[in-house]
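Colleague: Encoded as structure tokens, here's the structure I'll be asking about.
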Amino acid sequence: MVRKPKMIQIDARTYSRYFKAFGEPTRLKILSLLADGEMTVNELTEAVGLSQPTVSRHLAQLRDADIVLDRRDGQRIYYSLNKDVISECCNGFCDCLRVVQITPDKKSRKK
């Protein structure tokens with residue numbers, strides 16, 4: 001008797017949107033910068049060395065995928081990581097592939 005593997009249900013469109021957003025080097029660089037805290041588009045533009053319209057387009061794609069959040073303060077817009085969505089994406093993807101998720105021990109990091 002042939003055993004069929006248990007299928008874990010995922011929202012393929014959602015994951016496709018996430019990984020499309022993650023799948024571009026400039027967007028990964030932006031995400032890496034935002035991991036240190038929120039930044040304005042001008043700060044991101046300077047950090048990645050691209051034009052403001054180009055950075056804004058990348059931010060729009062990240063925002064459309066719910067990976068990045070924005071908040072307005074006067075005329076400035078601050079961008080930050082949507083850590084809940086990123087965590088959900090990573091954990092869901094690992095579940096789908098049956099990968100054991102390892103949570104770092106916070107005590108071992110302190111030295």
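Colleague: Could you check Cys89 against (1) out of contact with any Phe, Trp or Tyr (no Cβ under 6 Å at 6 or more places or on another chain); (2) modelled with pLDDT under 95; (3) surrounded by 12 or more Cβ atoms within 10 Å (Cβ to Cβ); (4) not in a loop (DSSP other than H, G, I, E, B) and say which number it fails?
Modeller: Single failed check for Cys89: (1).
Colleague: Exposed (fewer than 13 other Cβ atoms within 10 Å of the Cβ), aliphatic (A, V, I, L, M) and either modelled with pLDDT under 90 or closer than 19 Å to Ala21 by Cα (or both), is that true of Ala65?
Modeller: Values: exposed (fewer than 13 other Cβ atoms within 10 Å of the Cβ): no; aliphatic (A, V, I, L, M): yes; either modelled with pLDDT under 90 or closer than 19 Å to Ala21 by Cα (or both): yes.
Answer is no for this residue.
Colleague: Here are Thr45, Thr40: which of them is free of Cβ contacts under 8 Å to residues at least 24 places away in the same chain and β-branched (Val, Ile, Thr)? Spell out how you get there, then give the answer.
Modeller: Values: Thr40 fails: free of Cβ contacts under 8 Å to residues at least 24 places away in the same chain.
Step by step, each of Thr45, Thr40 is checked, and only Thr45 is free of Cβ contacts under 8 Å to residues at least 24 places away in the same chain and β-branched (Val, Ile, Thr).
Colleague: Collect the residues in segment 20-62 that are more than 13 Å from the chain's Cα centre (by Cα), surrounded by 12 or more Cβ atoms within 10 Å (Cβ to Cβ) and of a type outside the set (S, T, N, Q), keeping them in residue-number order.
Modeller: Across segment 20-62, the qualifying residues are Glu38, Met39, Val41, Glu43, Leu44, Glu46, Ala47, Val48, Leu50, Val55, Arg57.
The values are calculated or read from the model by the stated rules, or taken from the named source; none is laboratory data. Keep in mind it's a predicted model, so treat the numbers as computed, not measured. In this analysis, Cβ positions are derived from the backbone assuming ideal geometry, glycine residues included, and neighbour counts consider all displayed protein chains.
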